[in-house]
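Student: Quick one: the structure is below, and I'll ask about it shortly.
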Amino acid sequence: MKTITFLISFSFAFMAANAQAYEKLDYYLNKYPGDNVVNSLVSTHLVIDYGDNGEPKVWVTETERSIYLKDNAASFSSGSVTHSEHYKIKALEAYSLIPNGNKFKKLTVNDFATKTEFSPGIFHNGTESLNFIFPSLSKGANSVVEHTMELSIPQLLSGFYIQDYYPTERMEITIEAAEGIELEFSYINASEEIYQPTITENKKGKVYKWVLTDIPAFEYDNDAPSITYYTPHIVPRISSYQKDGKKVNLLTNIDDLYHWYYSLIEQTDKSANDEIKAVVDSLTKDVTDEWEKISRIYYWAQDNIRYVAFEEGMQGFIPENAEKVCNRKYGDCKGITSLLYTMMQEAGIETYFTWVGTRDRPYRYEDVPAPIVDNHMILTYKKDGQYFFIDGTSNTSPIGEPTAFIQGKEVLIAIDKNEYEVVEVPVHSYDYTTYSDTVFLTLEEESGSLKGKGKSVLSGFYNTRLKGYLKLSSKDEQKRFLEEYLEKGHNKFELDTFQVSDITNRIEALKIDYDFSLADYVSKNDDELYVNLTLDKTYSDFNLNPKRKVPYEKPFKSKNDLTVILDIPDGYVASYIPENQEFKQDKFGFSFNVQQQGNQIIQKFTVYDDFLLLGKENFDDWNKMIRSIKKVNRESVILNKIN
């Protein structure tokens with residue numbers, strides 16, 4: 001991290017600098033009991049005018065003023081402002097206002113640290129953040145950060161979130177658009193009628209303004225989707241503007257978005273150099289089946305091109321040339337897609353550049369025809385009316401299977417300069433992703449220990465995820481991971497040996513054979529042995545808080561089949577076997593079955609999740625299922641000694 005110093009003394013006309021501008025602490029303590037921090041003002045002011053080239057340019061001034069209500073104020077002292085080559089800081093001031101008798105003492109932030117930002121998103125353009133600490137925050141103090149940014153690519157205008165991490169007393173959003181610049185708005189998780197702006201005119205054009213008061217903090221919880229799924233926000237976009245007396249469409253509809261996207265991929269050199277030609281020839285020589293050619297090319301890229309989610313400047317939006325990606329052996333999603341496209345082209349196979357938003361972006365192109373919809377690029381292959389999605393960022397996915405994080409999302413497929421298609425990525429059923437674990441147990445009567453032989457078989461996204469981790473791990477790291485992954489019973493579980501199937505085989509399910517010991521597990525009372533055969537109680541921890549307001553998210557639909565087979569020791573008989581149980585709902589369910597066959601007790605537990613997002617209306621049924629699972633998890637087989 002590089003440290004730089006800013007000595008800035010900008011004067012923002014809309015901020016009063018005296019103590020009377022800030023309400024007394026008692027007022028906020030009474031109004032917001034229990035809150036640590038309150039935003040007294042959040043203000044965003046956009047000016048959209050014409051740049052020197054006659055095209056729209058955007059300036060954004062943001063102000064956030066917060067008051068700290070508890071003695072733990074210092075723990076909230078971190079602040080940051082993100083910026084990039086296309087979103088430049090033009091002015092910045094941050095300071096604390098510390099109570100000093102009946103007044104406030106202003107302490108200006110002078111030290112800022114620059115940090116490169118990475119995230120699960122895939123489109124990156126050299127985004128950095130300026131990080132800083134508000135000095136000397138204490139109970140009753142205020143913090144203020146004000147900055148003006150310049151956005152050079154008007155298509156990248158972002159949305160306004162109505163809620164924040166903290167409650168907000170007043171929020172103001174103002175957009176000034178010069179004459180001839182037309183705006184449209186998409187209202188996400190928000191009623192268009194409720195959030196309609198007031199529209200007035202000034203000397204330069206139209207002014208759109210929203211004033212909102214007493215906004216609660218947004219809700220968040222574990223295993224929740226992105227806040228974009230449930231937090232109200234407004235996405236503005238410039239639909240058109242005037243240039244040389246003519247109307248120019250910018251983002252009126254999907255056509256405009258696609259034409260801008262296509263202009264970006266047109267700048268990519270898609271020709272194959274000698275190295276690419278040689279690789280493609282070595283992979284496809286004497287191969288006549290087209291799908292086999294595609295598979296070989298894709299798997300070569302998975303094995304030889306490393307995914308790095310970062311590109312500078314316009315490479316955050318324009319795919320890197322295939323030659324460069326091949327030479328340096330790494331690329332972001334667009335760069336790897338560019339290389340795959342060129343290799344397929346060299347092999348005589350037609351494929352298509354494709355844009356898609358990952359699942360943390362809930363938008364559809366028809367509702368929001370703007371770049372905010374997308375943050376990822378893949379390749380599409382079409383055959384006999386079917387679409388096969390090829391994602392170069394995964395190094396374990398089998399050919400043609402979409403990655404988990406784009407399931408159910410719309411994709412925008414570039415057919416040619418004027419033609420595109422919008423289709424939806426399929427969502428796999430829970431039968432696609434399964435975890436099957438079968439354990440054979442023998443009981444050591446004297447020690448109360450169990451010895452076990454297990455076999456786990458993982459398919460679908462379980463398979464690709466675990467292979468991805470194991471491929472990057474040493475043998476010792478694999479053992480430490482599998483000890484936790486395969487753990488049974490309690491913390492005295494020991495993984496004695498394990499054998500993993502071929503982790504380079506993307507098609508076959510992953511198989512793990514293992515032996516383990518479980519000391520002090522069996523309870524004994526006189527001539528009775530109590531054995532709880534539910535060795536994996538993972539689902540017992542999945543109860544949802546009834547007060548939870550946000551959806552519960554799963555990365556994929558799945559099914560777990562857990563089978564435990566216990567050999568009844570010589571001289572013992574089973575005197576109690578738990579009753580079978582079952583719970584079924586449209587989106588989830590489980591079955592629990594125990595029976596004796598000969599000298600063995602066989603317990604089978606199956607649980608499935610047939611959803612990606614579970615809404616609050618299903619929480620009661622979900623918790624009923626978890627309570628039932630907890631009940632069967634407490635059940636034990638009782639073995640009696642034969643006298």
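The values are calculated or read from the model by the stated rules, or taken from the named source; none is laboratory data. If you're wondering where the values come from, they're calculated on a predicted model, not measured in any experiment. In this analysis, Cβ positions are derived from the backbone assuming ideal geometry, glycine residues included, and neighbour counts consider all displayed protein chains. Protein only, heavy atoms only, side chains kept; ligands, DNA and RNA dropped before computing areas. Shrake-Rupley method; radii C 1.70, N 1.55, O 1.52, S 1.80 Å.
Student: Out of the strands (runs of 3 or more DSSP E) lying entirely within the stretch 474-532, which hold 1 or more residues that are within 30 Å of the chain's Cα centre (by Cα)?
Tutor: Output list reads 493-500, 510-518.
Student: Additional query: If you scan the stretch 225-244, which residues turn out to be in a strand (DSSP E or B), farther than 15 Å from Val58 by Cβ and either open to solvent by 10 Å² or more (accessible area, probe 1.4 Å) or touching a helix residue (DSSP H, G or I) at 6+ places or on another chain (Cβ under 6 Å) (or both)?
Tutor: Gln242, Lys243
Student: Separate question: Could you give me the residue pairs with C-beta distances under 7 Å whose first residue belongs to the stretch 99-126 and is over 22 Å from Tyr87 (Cα atoms) and open to solvent by less than 60 Å² (accessible area, probe 1.4 Å), whose second residue is at pLDDT below 60 and in a strand (DSSP E or B) wherever it lies, and which are 6+ apart or on separate chains?
Tutor: none
Student: Please list, ordered by first then second residue, the pairs with beta carbon atoms under 8 Å, 6 or more apart or interchain, first in the stretch 472-497 and closer than 30 Å to Arg306 by Cβ, second open to solvent by 70 Å² or more (accessible area, probe 1.4 Å).
Tutor: From the stretch 472-497, the pairs are Phe481/Tyr469; Glu483/Glu494.
Student: Give the residues of the stretch 326-352 that are open to solvent by 10 Å² or more (accessible area, probe 1.4 Å), assigned to a helix (DSSP H, G or I) and more than 11 Å from Met377 (Cβ to Cβ), sorted by residue number.
Tutor: Within the stretch 326-352, Asn327, Arg328, Gln345, Glu346 meet the criteria.
Student: Looking only at residues that are modelled with pLDDT of 95 or more and charged (D, E, K, R) in the stretch 440-464, which one is nearest to Thr497 (Cα to Cα)?
Tutor: The qualifying residue nearest to Thr497 (Cα to Cα) is Lys453.
Student: Quick test for you: out of Tyr187, Tyr220, pick the one residue that is open to solvent by 20 Å² or more (accessible area, probe 1.4 Å) and in a loop (DSSP other than H, G, I, E, B). Walk me through how you get there before you give the answer.
Tutor: Working: Tyr187 fails: in a loop (DSSP other than H, G, I, E, B).
After ruling out the rest, the residue left standing is Tyr220.
Student: When the stretch 504-513 is examined, which residues are found to be of a type outside the set (D, E, K, R) and more than 26 Å from Leu535 (Cα to Cα)?
Tutor: Just the residues of the stretch 504-513 that are of a type outside the set (D, E, K, R), to begin with: 504-505, 507, 509-510, 512.
Thr504, Asn505, Ile507, listed by residue number.
Student: Suppose the filter is under 19 Å from Met377 (Cα atoms) and either at pLDDT 95 or above or among the charged types (D, E, K, R) (or both); does Glu311 pass it? First the steps, then the outcome.
Tutor: Details: under 19 Å from Met377 (Cα atoms): yes; either at pLDDT 95 or above or among the charged types (D, E, K, R) (or both): yes.
It is true that Glu311 is under 19 Å from Met377 (Cα atoms) and either at pLDDT 95 or above or among the charged types (D, E, K, R) (or both).
Student: Would you be able to tell me the number of residues in the stretch 416-443 that are surrounded by fewer than 15 Cβ atoms within 10 Å (Cβ to Cβ) and under 17 Å from Phe516 (Cα atoms)?
Tutor: Number satisfying all stated conditions: 1.
Student: Right, something else. Say we look at the stretch 601-621 and pick out the residues that are assigned to a strand (DSSP E or B) and either open to solvent by 50 Å² or more (accessible area, probe 1.4 Å) or of a type in the set (Val, Ile, Thr) (or both); which of these is farthest from Glu553 (Cα to Cα)?
Tutor: Applying the filter and picking the extreme gives Ile601.
Student: Of the residues in the stretch 23-58, how many are among the aromatic types (Phe, Trp, Tyr) and assigned to a helix (DSSP H, G or I)?
Tutor: Count: 2.
Student: Let me ask something else. Pick from the stretch 518-572 the residues that are acidic (Asp, Glu) and modelled with pLDDT of 95 or more: which of them is nearest to Tyr230 (Cα to Cα)?
Tutor: Step by step, filter the stretch 518-572, then rank; the result is Glu553.
Student: So Ile133 clears everything in (1) at pLDDT 95 or above; (2) open to solvent by less than 30 Å² (accessible area, probe 1.4 Å) except one condition, right? Which one?
Tutor: (2)
Student: Within the stretch 362-387, can you find the residues that are part of a loop (DSSP other than H, G, I, E, B) and either open to solvent by less than 20 Å² (accessible area, probe 1.4 Å) or of a type outside the set (Lys, Arg) (or both)?
Tutor: Pro362, Tyr363, Tyr365, Glu366, Asp367, Val368, Pro369, Ala370, Asp374, Asn375, Asp384, Gly385
Student: Could you figure out which of (1) farther than 21 Å from Glu445 by Cα; (2) open to solvent by 20 Å² or more (accessible area, probe 1.4 Å); (3) assigned to a loop (DSSP other than H, G, I, E, B); (4) touching a residue at least 60 places away in the same chain (Cβ under 8 Å) isn't true of Glu579?
Tutor: Of the numbered conditions (1) farther than 21 Å from Glu445 by Cα; (2) open to solvent by 20 Å² or more (accessible area, probe 1.4 Å); (3) assigned to a loop (DSSP other than H, G, I, E, B); (4) touching a residue at least 60 places away in the same chain (Cβ under 8 Å), the odd one out for Glu579 is (4).
Student: From the set of residues in the stretch 277-287 that are more than 14 Å from Ile349 (Cβ to Cβ) and aliphatic (A, V, I, L, M), which is least open to solvent (accessible area, probe 1.4 Å)?
Tutor: Ranking the qualifying residues of the stretch 277-287, first place goes to Val279.
Student: Right, another one. Could you run through the stretch 404-415 and say how many residues are assigned to a loop (DSSP other than H, G, I, E, B) and either open to solvent by 10 Å² or more (accessible area, probe 1.4 Å) or without any contact (Cβ under 8 Å) to a residue 12 or more places away in the chain (or both)?
Tutor: Residues flagged as assigned to a loop (DSSP other than H, G, I, E, B) and either open to solvent by 10 Å² or more (accessible area, probe 1.4 Å) or without any contact (Cβ under 8 Å) to a residue 12 or more places away in the chain (or both) within the stretch 404-415 amount to 3.
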